[in-house]
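Right, one structure below, let's go through it.
Readers should treat all values here as calculations from the given coordinates under stated rules, not as data from a laboratory. Here the structure is a predicted model, which is why all the values come from computation and not from measurement. As a convention, Cβ positions derive from the backbone with ideal geometry for all residues, glycine included, and neighbour counts pool all protein chains shown.
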Amino acid sequence: MLETEKYELIEVCNQTALFSNGHISDNEIPEGMFHYDLREGDCINTFFASIEPRVIFNHAGTIITKEPIDFGTDGYIEIEYDTEPNFLGEEMTVEEFAVYGGENDEND
């Protein structure tokens with residue numbers, strides 16, 4: 001269950017987010033939060049290839065954010081060295097994340 005499950009805290013696209021290895025559906029996301037999928041990379045140079053609004057094939061995980069991500073005209077963000085998710089070594093529930101005041105969060 002999304003409310004009690006702990007997810008990994010990451011930094012991605014200049015904000016903190018939660019990471020899950022699994023798919024998360026639209027109806028599981030609390031109001032006011034957003035979710036996006038990570039496409040699997042070649043695992044040689046990078047584990048993730050891109051961040052996209054929705055990935056069906058080669059899904060490598062889902063991120064939950066407090067702010068929307070702007071995908072620009074491409075409709076996705078290619079993962080490169082400077083855009084790769086940074087895993088912070090913490091875990092928290094979605095409820096804890098909702099009130100989390102991280103370094104990139106204005107509520108600090």
Report the longest stretch of the chain that contains none of the GluC sites (Glu not before Pro) sitting in a DSSP loop with at most 16 other Cβ atoms within 10 Å. 32-79
Just flag the chymotrypsin sites (Phe, Trp or Tyr not before Pro) in segment 11-61 sitting in loop per DSSP whose Cβ has no more than 13 other Cβ atoms within 10 Å. Phe57
Taking the Cα-to-Cβ direction at Gln15 and at Met33 and moving 7 Å from each Cα, how far apart do the two end points lie in nm? 1.3 nm
Tell me what the chain gives for mean residue ellipticity at 222 nm when only DSSP H runs of n ≥ 4 count, each as -39,500 (n - 2.57), the sum divided by the residue total, rounded to 500 deg cm²/dmol. -1500 deg cm²/dmol
Note: Thr93 to Glu80 extended length (0.36 nm per residue) minus current alpha-carbon separation gives 1.9 nm
How big is D, in µm² s⁻¹, for segment 7-99 by Stokes-Einstein at 20 °C and 1.002 mPa s if Rh is the Kirkwood radius over C-alpha pairs? 161 µm²/s
Can you give the relative contact order of segment 7-99 as a percent, counting alpha carbon pairs under 8 Å and 6+ residues apart? 37 percent
